[in-house]
Amino acid sequence: MTAVADRQPETTGVAARNDHRTEVVERGSFCFAQCDCGWFAPGRRSRDKARRDAAAHQADPEPGD
């Protein structure tokens, strides 16, 4: 059985919801998720964790603008 945290989001790299567009960006050995609304996640060494940060932002019904 696969844990929810181990599942890949359906979209990788870029996902869109309403007026929000997130992407995973690499800088050196770190990846982070960012959104057009100005939101960004902390730097991660794991691309998968950065993708999960982006998916969590997309799933948030009231994202902080």
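With every protein chain in place and a 1.4 angstrom probe, the accessible-area ranking of SER29, SER46, largest first, reads SER29, SER46. Once the chain from CYS37 to ARG21 is taken as fully extended at 0.36 nm per residue, the excess over their C-alpha distance is 5.0 nm. Each residue of region 40-46 is assigned a 3J(HN,Hα), and the resulting list reads 8, 9, x, x, 10, 7, 9 Hz, derived from the Karplus form 6.51 cos²θ - 1.76 cosθ + 1.60 (θ = phi - 60°), x at Gly and Pro.
The values are calculated or read from the model by the stated rules, or taken from the named source; none is laboratory data. Predicted model only: the values in this text are computed from it and were never measured. We work out accessible area using only protein heavy atoms, side chains counted, and drop any ligands, DNA or RNA first. Shrake-Rupley method; radii C 1.70, N 1.55, O 1.52, S 1.80 Å.
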